Structures are given as C-alpha cells and as structure tokens.
Amino acid sequence: MIGKLTLSIAAIAGALFVTGLPLATSAKAERVYNTAERRWEEIDERKLRLMRGVPAKFKRRNVFVNTREEPGTIIIDTDNKFLYYITGRNRAIRYGVGVGREGFGWNGVVHVKRKQEWPTWTPPAEMRARERANGRILPVSMKGGEDNPLGARAMYLFQGNQDTMYRIHGTNQPWSIGLNLSSGCIRMLNKDVEDLYSRAQIGTKVIVVGPGQSASQYVSGGGFMFGG
C-alpha cells in the first residue's frame, strides 16, 4: 500500500537554457527546471533551519483531538508532518516529524514489531545502489551513535510478519523535521523519539496517512493544547 506523491508541473513559456544549451519547452524540460527549482528551495530551507532551528509548530505538545482510535495508537499525518500518540479520550501528544521525499511517500496500517535503542543502521541494498548511482557511497552497516542517521531510538514497522523496511526513528539532522527528505521513514527529534519510545509498546498500531490524503477520518483538531 505505497502511493507515490504526484506534483503538478507549471507550464514554462519559451525556451529554457541549462548550462548554456537551449531546451525546447517540453515535459522533460519542465521536469529539469522544476527539479532544479526544488533543489535550490531545499538548500535555502536547510540553511534557514540551521540558523533558526525547527519551527515552533513542530515542538512536542499535549493537544485535544477528535478521534475514535484507542489510546496507545500512533497516527502519522504525512502532509502536515505531525505524529499523534493517542493518550486518552480525545487527547494526544503531537510531535513534529520529517517524512518521505517525493516518490517515497506511503500509507497503510502497520504495527511496531521491534524496538531498539541507539540502533544499527543497515541501509537496504536498493538504497545503497540508488545512492551509489548518485555518487554517494553508503555503508553496509553503521553502529548506533550520535552520527547514525537513525538517531537515539528506532521502532520497526511491520505488516503482519513482513518487515516494511520503514521505521519511526530519531535523526542526526534535527533541521529536517517538518520536511520531505527521507526514503519513507518517519524522522523525529531524538528527545521526541525517546519520549515516544518510552510510551509505545510492541504491537502498537500505527496508521500512516499518505501524501495527498486527509488524516481527518482518524484524527482532527490538534491545535488546542492542555497541560505542559
């Protein structure tokens, strides 16, 4: 149950020039142009995040919500970059998250099958091949630690007995919270994933609402805080 994110591409009038070579207006040219535009936007966003930190709306908070899900359920709203942990009747802890980049969004109902503190990162073979094609060599395995991309904690998501290869985990790139940058995993600040890890048990139900889909059938509201 994996859905790809689809973006509309604006029409480009006239010819485009890339490295001095004219390109006729076409679907391919539009893709090149828009990919470059998104790349520069991402770089600018990263610089701003490094200077300013994570936006306030992505900080952990206790919120009132409308939901029919049982306490202990995790709901991930990938469009809005929020993860909700239901704590009681119409109450939740809301965390900011980072989610899959274009083409790596997904949706479905899964469960936490395994949990690990300071997890070892073992990138799948297809990820290593994909990154190698882009000039980046990934390790076959990397021990847990502050430099590890999985951060301080990881919760492994399964459908039945099948590993989805997706995780809820921490990050060594805290500025990425609120952005679409991962390969489908759900990133959290290390202090937040430690908090969630202490609450979520093996078997926890996780509802992932994919890109372009509304989370309102599972959870809505979430703007009104209570407690600390």
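The values are calculated or read from the model by the stated rules, or taken from the named source; none is laboratory data. Owing to the predicted nature of the structure, the values given are computational and were not obtained by experimental measurement. Methodologically, a virtual Cβ is constructed for each residue, glycine included, from the backbone with ideal geometry; neighbour enumeration extends over all protein chains shown.
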task: Report whether or not N90 is within 30 Å of R68 (Cβ to Cβ), of a type in the set (S, T, N, Q) and in contact (Cβ under 8 Å) with a residue 24 or more places away in the chain.
output: yes
- line: Note on region 98-130: residues under 30 Å from G53 (Cα atoms), assigned to a strand (DSSP E or B) and in contact (Cβ under 8 Å) with a residue 60 or more places away in the chain are G98, V99, G100, V112, K115, E117
message: Give me the residue from region 188-228 that is surrounded by 16 or more Cβ atoms within 10 Å (Cβ to Cβ) and within 16 Å of K57 (Cα to Cα) and, out of that set, modelled with the lowest pLDDT.
response: G222
- prompt: Taking F64, is it touching a Lys or Arg at 6+ places or on another chain (Cβ under 7 Å) and surrounded by 20 or more Cβ atoms within 10 Å (Cβ to Cβ)?
  reply: no
message: Can you report the number of residues in region 131-142 which are surrounded by 10 or more Cβ atoms within 10 Å (Cβ to Cβ) and in a loop (DSSP other than H, G, I, E, B)?
response: 2
message: I'd like to check something: does region 190-199 contain any residue that is of a type in the set (S, T, Y), free of Cβ contacts under 8 Å to residues at least 40 places away in the same chain and touching a Pro at 6+ places or on another chain (Cβ under 9 Å)?
response: no
message: Just to check your reading of the model, which residue among Q173, Q201 is assigned by TED's automatic domain parsing to the domain that holds N107 and either within 21 Å of G88 (Cβ to Cβ) or touching a helix residue (DSSP H, G or I) at 6+ places or on another chain (Cβ under 7 Å) (or both)?
response: Q201
message: For region 143-186, give me the residue count where each residue is out of contact with any Cys (no Cβ under 7 Å at 6 or more places or on another chain), in contact (Cβ under 8 Å) with a residue 40 or more places away in the chain, part of a strand (DSSP E or B) and not hydrophobic (A, V, I, L, M, F, W, C).
response: 7
statement: Those residues of region 175-228 that are hydrophobic (A, V, I, L, M, F, W, C) and within 18 Å of R114 (Cβ to Cβ) come to a total of 9
